[in-house]
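Heads up: the structure comes next, in structure tokens.
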């Protein structure tokens, strides 16, 4: 887990860990199908019971899967579930592992919250759209990542914008019977736990300029003079090495440069070698 997360302040009220709830001694407490028997008297009740069981089982499975990871050596904060561990490779979101607030789980079926009392542990589905806050930047903004129609999206916003109107604009609606404030509380808690990351806005501005100047034709490889790229980086006050690393990590350029003579002056010049176009979304 990333070092940024390890220093996060613990929540004020202590909670029993998900790991403890899933030990052999407490297995009966989290066996949703045993705890919530439903007598279906008509089709409507039967359908509602089936839906409830699916939701609760999905939450429990997610917790079990996450705890398999949290038992690994060197993993701290076992009460908090790593968001990325709930997804398969096919629907994996574009982020590093981020811890969720205690009491919440996220799966491809949505965001879940546990309800605990003396005799049972149940879960409710807050929203059928998976979303969480993955990072904070030096400008004080937070990055929200959400999944709509099997596709992941992400956007930066101010913490003060984490309101229900903002969430619904992103097609994140409360599930049936869920209050709007529950989604806002979840998003706010996610923001407090999100790791600090440097923003890529300046890098993206340089990358966009490079694409406009050098990648106008769909013919590769393309050679971009390193001195010109460095000049762009200076204009946007971003480090050349950061831009180069960004391009290499995405397989856009080769992890080496090439020296050849400049067509205009004939002087030896070092070039970045672009092997493909830069994705529009960055």
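The values are calculated or read from the model by the stated rules, or taken from the named source; none is laboratory data. Everything quoted here is computed from the prediction, not taken from an experiment. Ideal geometry is used to build each Cβ from the backbone, glycine not excepted, and the neighbour counts take in all protein chains shown.
Within the stretch 202-252, take every residue that is outside any helix (DSSP H, G or I) and in contact with a strand residue (DSSP E or B) (Cβ under 7 Å, 6 or more places away or on another chain) and give me the one that is surrounded by the most Cβ atoms within 10 Å (Cβ to Cβ). Checking each candidate, the answer is 252. Got at least one residue in the stretch 132-151 being under 15 Å from the mean Cα position of the chain (by Cα) and under 18 Å from residue 63 (Cβ atoms)? Within the stretch 132-151 (the criterion being under 15 Å from the mean Cα position of the chain (by Cα) and under 18 Å from residue 63 (Cβ atoms)), the answer is yes, since at least one residue qualifies.
Which of the residues belonging to the stretch 174-183 are surrounded by 16 or more Cβ atoms within 10 Å (Cβ to Cβ) and touching a helix residue (DSSP H, G or I) at 6+ places or on another chain (Cβ under 8 Å)? 174, 183 - these are the residues of the stretch 174-183 that are surrounded by 16 or more Cβ atoms within 10 Å (Cβ to Cβ) and touching a helix residue (DSSP H, G or I) at 6+ places or on another chain (Cβ under 8 Å).
Taken over the stretch 53-108, the criterion of being at positive phi and at pLDDT 65 or above is satisfied by 103 alone.
Could you please tell me which pairs satisfy a Cβ distance under 9 Å, a separation of 6+ or placement on different chains, a first residue in the stretch 89-106 that is outside the structural domain of residue 184 (by TED's automatic domain parsing) and assigned to a loop (DSSP other than H, G, I, E, B), and a second residue that is surrounded by fewer than 13 Cβ atoms within 10 Å (Cβ to Cβ) and modelled with pLDDT under 75? Correct list of pairs: empty, since none qualify.
All told, residue 153 meets the bar of being touching a strand residue (DSSP E or B) at 6+ places or on another chain (Cβ under 8 Å) and without any contact (Cβ under 8 Å) to a residue 24 or more places away in the chain. For residue 157, the criteria (1) modelled with pLDDT under 90; (2) within 24 Å of residue 115 (Cβ to Cβ); (3) under 18 Å from the mean Cα position of the chain (by Cα) hold in every case but one, which is (2).
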